[in-house]
Every structure is written in C-alpha cells, then in structure tokens.
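These notes concern the structure reproduced below.
The values are calculated or read from the model by the stated rules, or taken from the named source; none is laboratory data. A quick note: this is a predicted structure, and the numbers were derived from the prediction, not measured. Positions of Cβ are generated from backbone atoms using ideal geometry, with glycine treated the same way; all protein chains shown enter the neighbour counts.
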Amino acid sequence: MVSWRAVPSGRLGGVLRLIFTLASAVSLLVCVAAAVLWVRSYWVVDRYGFSPLHSVATDRGSLVFCRIDPDLNLMVERGYHRDPAPNPTSGWNPRQAARRTWNLFVAHGEDFPGFKMVVIELWPPVLLTGMVFTLWLRREVALRRRAFAGRCSRCGYDLRATPNRCPECGHIAEGATS
C-alpha cells in the first residue's frame, strides 16, 4: 500500500485535480440531463416500468418512484412509455395527499391504499450538480488568470523575477526550460 507521504505533493495534487475534473464533468452531464428532464416533464410524462410492481416517471417538474402492492391486482407496463402531460387540476395527483418534507413527497396509507410513492422535485439535483461544476470552473479561471498574470499556478507568488521556478513553493512553471 502506498502511503500519502510517499507520493510527491506535485503528483498527488495532479491526481486530485484530475479526480475533481472528472467529477465535475460527470456533474455537468447529470446537471444537463436533470435540467432537460425537469423542463420536458411539463409537456411529456416519461414512464419506465422496471417490473409489474415498480416504476419511475416524470410529472410536472418531479421524478416519481412508485411501488404497487401485489394484492392490488394492478400491474405496471414494463419498459419505456411516453404520454402527454395531464392537466394538473384534473385526475389523480399524488401531491395532494402526500406529506411534504424538503421537496420530497411521500404518499402512502389511507389516501393511497396499495401504493408507496416517493416524489422528488428535479430542481435540487440541478442546483447541486451545477454547483460542483461551477466550483471547478471558478478554480480553472483563477488558475488561468494567475498564469496569465505571471503568477505561480500553485501558490500565486509573483514570478516576474524568476519565471522558470517559484521561489516560494518550488513549483516549476509549465513550458519552462531547465
């Protein structure tokens, strides 16, 4: 097993930066996908049945996970299905009887016999995953600003007097010749 102290700080910093960059890329993909799903859910209901008793669907800005009691003799169609969005004032709306906790609705019991449902708003995942990408972007802009201003990319020390190596932290500038 490699100890953290055995890895030179420059290499460890590069690995951590790569991991943060990859996590930010995945975060951006999830953010865009959730935002598209969020907007699309106001016009179209996308449903996917995993089994005859379990499904997930979109509904007016939410993701709905549903489990049906086997005694109910009601089955979910397997596979992907697309329907037009229902009118919010008519028909069956799980939010009316569900208890609400921080944009998470849980519907079950007397009002929905045989159904267990979790309704999650789609805006919190968009916000949270967007924040990770924003942090990465902010860091990258700061690093490029430092490099453009003649500062060390690691510690920010002014490198006008010693452009090849930082006297503060010892970091060798990119593109420097030995």
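From the list Val106, Val39, the one residue that fits, being modelled with pLDDT of 90 or more and of a type in the set (A, V, I, L, M, F, W, C), is Val39. Considering (1) surrounded by 13 or more Cβ atoms within 10 Å (Cβ to Cβ); (2) more than 22 Å from Ser55 (Cβ to Cβ); (3) at pLDDT 80 or above, the lone condition that Val119 does not fulfil carries the number (2). Scanning region 1-20 for residues being modelled with pLDDT of 65 or more and surrounded by 13 or more Cβ atoms within 10 Å (Cβ to Cβ) gives a total of 3.
Being in contact with a Ser or Thr (Cβ under 6 Å, 6 or more places away or on another chain), modelled with pLDDT under 85 and of a type outside the set (A, V, I, L, M) is a description that does not apply to Arg160.
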